[in-house]
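Novice: Below: one structure in structure tokens.
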Amino acid sequence: MPEVNSKDETLAMSNVTGTAFIVAEFRAEENEETAPLYTDNIVKIWLNDETKEIATKIAKNSPAAKEMVKLRTKYFDDVLSNQILGGCKQVVILGSGLDTRAARINGEKATYFEIDDSTTLELKAKTLKAYNVNANVRYIPGDYVKDGLISLLKQSEFNLELPTYFLWEGNTTLIAKKDVIFVLEQIRDNVNDFRLSFDYMSEQVILRTTGYQDINDYIDKYESMYTPWITGFEKIATLADELNLKLIENFSTADLHAQYRPGRTLQSNLFKFYFVCTLENAVGCVNPEI
Ligand SMILES: C[S@@+](CC[C@H](N)C(=O)[O-])C[C@H]1O[C@@H](n2cnc3c(N)ncnc32)[C@H](O)[C@@H]1O
């Protein structure tokens, strides 16, 4: 096994960048299921004893986090796959971290663009190369808020006219609400034909107003070990209306759990307050069926 993910290169887990390693640990575990929701044989190349130890500690205190990552991975995998099969030619993954979809899902039919900080993307490219993993991807180091998403894309031969799927996973909770809206506006105003999926927390979770003490306790523990959750949305349909976007789908992770894990009980009330959604512009992407 190539030794590229050395301890020195593993990023601090308490900052937003380091969160990618924890998510990767949670995601990887699904491979051990008898009937996994998805198969990700690549993600393990970034994992080591250190990432496992930290993720295990977090999961012990916040077991729901692991399952929520797996449920959203399955949902986004399916939407992405169907988008490409339906004709989308470009996939943009914002805050891609250690996302492996460029190497796993239909890379021969679409070009992937991944945006994250340079340290994460350099480690990613280096590790994929060391393991001989091919991915049809352009890495775009930068901050999609401060540098401007569209400016970053324009520097990388992104075609604003081609049907495009944007995936924004594991990010909106961690950045300011005004920045989430700014990103959505940039996509809406510059890309002709797109669909976009992201996950989000209900604002009640952020404000500690769900009425469930177990959720408040959960966040307190989670934030003390990980990174703060600062943004949530109460009604995503209202946000979509305000931005003149069309809401195609909106599921709570409790809905996904009922669909994907029939027979298993929910580990936490939090699943009812954590969502995935898919939106599109007024024109609509090429594939009306997700
Ligand atoms: C929780 S991780 C999620 C990674 C990946 N999307 C996933 O779900 O596995 C968040 C990632 O978003 C990146 N990120 C957050 N804000 C960003 C920004 N403004 N510009 C670029 N990357 C950002 C972080 O560096 C980190 O890699």
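Here, each number is a calculation from the coordinates, and none is a lab measurement. Note that this is a predicted model, so its numbers are computed, not measured. Note that each Cβ is placed from the backbone with ideal geometry, even for glycine, and that neighbours are counted across all protein chains shown.
Novice: If you count the DSSP beta bridges with both ends in the chain, what percent of them are antiparallel, to the nearest 5?
Specialist: 40 percent
Novice: With r defined as the distance between the Cβ atoms of Asn31 and Met225 and R0 fixed at 30 Å, what FRET efficiency is calculated, to the nearest 0.05?
Specialist: 0.80
Novice: Which of the GluC sites (Glu not before Pro) found in the stretch 83-131 are in a DSSP loop and have at most 11 neighbouring Cβ atoms, other than their own, within 10 Å?
Specialist: Listed in order of number, the matching sites are Glu108.
Novice: With θ set to phi - 60°, apply the Karplus curve 6.51 cos²θ - 1.76 cosθ + 1.60 along the stretch 235-248 and write out the HN-Hα couplings as whole Hz, x wherever there is a Gly or Pro.
Specialist: My calculation for the stretch 235-248 gives 10, 5, 5, 5, 4, 4, 4, 4, 9, 6, 10, 9, 7, 8 Hz in order.
Novice: Using 18 Å as the Cα-Cα cut-off, could you pick out the over-long pairs in Lys44/Lys70; Lys89/Lys109; Lys60/Lys221; Lys178/Lys221; Lys70/Lys235; Lys89/Lys154?
Specialist: Numbers: Lys44/Lys70 15 Å; Lys89/Lys109 7 Å; Lys60/Lys221 10 Å; Lys178/Lys221 26 Å; Lys70/Lys235 24 Å; Lys89/Lys154 16 Å.
Over 18 Å apart, Cα to Cα: Lys178/Lys221; Lys70/Lys235.
Novice: What is the Cα coordinate range of the stretch 39-144 on the first, second and third principal axes, sorted by size from largest, in whole angstrom?
Specialist: Ordered largest first, the stretch 39-144 gives principal extents of 42, 28, 28 Å.
Novice: While we're looking at this one, here's another question. Sort the following peptides by mean Cβ neighbour count (other Cβ atoms within 10 Å, averaged over residues), highest first: 141-149, 163-171.
Specialist: Details: 141-149: 16.8, 163-171: 24.3.
My ranking of the peptides, most packed first, is 163-171, 141-149.
Novice: Something else now. Starting from the Cα-Cα distance between Gln213 and Ser151, subtract it from 0.36 nm times their residue separation and give me the gain in nm to one decimal. Before the final figure, lay out the partial values.
Specialist: On the way: separation 62, 0.36 × 62 = 22.32 nm, distance 4.32 nm.
In short, 18.0 nm is gained.
Novice: Something else about it: Calculate, axis by axis, the spread of Cα positions in the stretch 7-280 along the three principal axes, and write the results as whole Å, longest axis first.
Specialist: 48, 46, 36
Novice: Relative contact order for the stretch 45-135: what is it in percent, counting Cα pairs under 8 Å that are at least 6 residues apart? Walk me through the numbers before you get to the answer.
Specialist: Details: 56 pairs, mean separation 25.1, N = 91.
Relative contact order here is 28 percent.
Novice: Something else now. Output the relative contact order of the chain, whole-number percent, from Cα pairs under 8 angstrom with separation of 6+ residues. Intermediate results must be reported in sequence, preceding the final value.
Specialist: Working: 478 pairs, mean separation 57.0, N = 290.
Rounded, it is 20 percent for the chain.
Novice: Now, a different point. P(r) for the stretch 127-210: what percent of alpha-carbon pairs falls in each 5 Å bin, starting at zero?
Specialist: The distribution over the stretch 127-210 is 3, 11, 19, 22, 17, 12, 9, 5, 2, 0, given as percents.
Novice: Could you tell me what a quarter of the Cα convex hull surface of the stretch 47-86 works out to, in nm² with one decimal place? Kindly include the intermediate steps, with their values, before the conclusion.
Specialist: Working: hull surface 13.2 nm².
Mean projected area of the Cα convex hull: 3.3 nm².
Novice: Sorting check: for 75-83, 91-99, 60-68, 208-216, which peptide has the highest mean count of neighbouring beta carbons within 10 Å, and how do the rest follow? Intermediate values should be presented prior to the final figure.
Specialist: On the way: 75-83: 21.0, 91-99: 25.6, 60-68: 18.8, 208-216: 14.0.
Descending mean neighbour count gives 91-99, 75-83, 60-68, 208-216.
Novice: Using the 2.2 N^0.38 Å rule of thumb for compact globular proteins, work out how the stretch 83-230 stacks up: its C-alpha Rg over that value, please.
Specialist: Values: Rg = 16.9 Å, N = 148, 2.2 N^0.38 = 14.7 Å.
Cα-based Rg divided by the globular estimate yields 1.15.
Novice: For a quick check: with amide H placed at 1.01 Å from N, whose amide H comes under 5 Å from Ile93's, ignoring anything fewer than 5 positions away on the same chain?
Specialist: Those qualifying (amide H under 5 Å, at least 5 residues apart or on another chain) are Phe113, Glu114, Ile115, Leu167.
Novice: Apply the Karplus curve 6.51 cos²θ - 1.76 cosθ + 1.60, θ = phi - 60°, to the phi angles in the stretch 146-160 and return the couplings in whole Hz, x for Gly and Pro.
Specialist: 5, 7, x, 4, 5, 4, 4, 5, 5, 6, 10, 6, 6, 9, 5
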